[in-house]
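**Student:** Dumping the structure here so I can ask a few things about it.
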Amino acid sequence: MNSENSSQRVARNEDKARSDGIAEGIARLRRALRRGARVADPANKLGVAQLEVLAALTENPGARPGQLARQLHMRPNTVTTIVNALSAQGMLSRVSSTGDRRAIELTPTDAGREAVLAWQTTNAAVLHLALSTLPAQQRRALAAAVPSLHALARAIDRLADAPVSPADGGDAGPAAVP
């Protein structure tokens, strides 16, 4: 029985090390991609958080600031600050909600959609160039991992969208996350 418990501990430790390695690999890739995109497009003056808000609005035009805050897991005052800056730059428009005139709905302008498209295009170009420097075996391994990465993103989204158990106090995240 002790060997079984020991085996289970080893398996859990291996799973944790593997997930920690994946998390660090993704974080490192995001940092490298951000840096590469900044070098490739130094004229882009928008911050990553601003681009994330614009991208979310491109996917969900008419969203309200509170909805964006929940979707992006940002503080409402942070979203308000970003929205104000983007509005001042002509990247998004605010209109009163038809159902509740006190509420505002946000929509990216043509300039906002163009900024998102330029950011996505720059990131794709940086990735394409970087991938072209890798050996064919690594490129194939990365291509084979794409469906799993999409599945992982969906699983993380599901966990992030899951209701929080009242026993968790409401601020610890979903109960299933260790």
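**Student:** Do we find that residue 117 is in contact with a Ser or Thr (Cβ under 8 Å, 6 or more places away or on another chain), of a type in the set (A, V, I, L, M) and under 30 Å from residue 159 (Cα atoms) in this structure?
**Tutor:** Against the criterion (in contact with a Ser or Thr (Cβ under 8 Å, 6 or more places away or on another chain), of a type in the set (A, V, I, L, M) and under 30 Å from residue 159 (Cα atoms)), residue 117 does not qualify.
**Student:** Looking at this structure, is residue 99 loosely packed, with under 12 Cβ neighbours inside 10 Å and under 12 Å from residue 54 (Cα atoms)?
**Tutor:** Taking the combined requirement at face value, the residue does not satisfy it.
**Student:** Looking only at the range 138-145, decide whether some residue is in contact with a helix residue (DSSP H, G or I) (Cβ under 6 Å, 6 or more places away or on another chain), more than 22 Å from residue 22 (Cβ to Cβ) and either surrounded by 11 or more Cβ atoms within 10 Å (Cβ to Cβ) or not basic (Lys, Arg) (or both).
**Tutor:** no
**Student:** To continue, here is another question. What residue, of 163, 178, is modelled with pLDDT under 95, more than 19 Å from residue 37 (Cβ to Cβ) and touching a helix residue (DSSP H, G or I) at 6+ places or on another chain (Cβ under 9 Å)? Reasoning before the result, please.
**Tutor:** Values: 163 fails: touching a helix residue (DSSP H, G or I) at 6+ places or on another chain (Cβ under 9 Å).
So the residue among 163, 178 that is modelled with pLDDT under 95, more than 19 Å from residue 37 (Cβ to Cβ) and touching a helix residue (DSSP H, G or I) at 6+ places or on another chain (Cβ under 9 Å) is 178.
**Student:** Still on this structure: What's the total number of residues in the range 107-153 that are among the hydroxyl-bearing types (Ser, Thr, Tyr) and farther than 22 Å from residue 27 by Cβ? Write out each step before concluding.
**Tutor:** Just the residues of the range 107-153 that are among the hydroxyl-bearing types (Ser, Thr, Tyr), to begin with: 107, 109, 121-122, 132-133, 148.
Filter once more, keeping what is farther than 22 Å from residue 27 by Cβ: 107, 109, 121, 132.
Residues meeting the conditions: 4.
**Student:** To continue, here is another question. Go through the range 58-80 residue by residue and tally those that are among the small types (Gly, Ala, Ser) and over 12 Å from residue 92 (Cβ atoms). Spell out the reasoning first.
**Tutor:** Initial filter on the range 58-80 (among the small types (Gly, Ala, Ser)): 62-63, 66, 69.
Add one more test, that the residue is over 12 Å from residue 92 (Cβ atoms), and what stays is 66, 69.
The total comes to 2.
**Student:** In the range 91-116, what residues are modelled with pLDDT under 95 and part of a loop (DSSP other than H, G, I, E, B)?
**Tutor:** 97, 98, 99, 100, 101, 102, 103
The values are calculated or read from the model by the stated rules, or taken from the named source; none is laboratory data. Only a predicted model underlies this, so the values are computations on that prediction, with no experimental measurement involved. All Cβ positions, glycine included, derive from the backbone under ideal geometry; neighbour counts span all protein chains shown.
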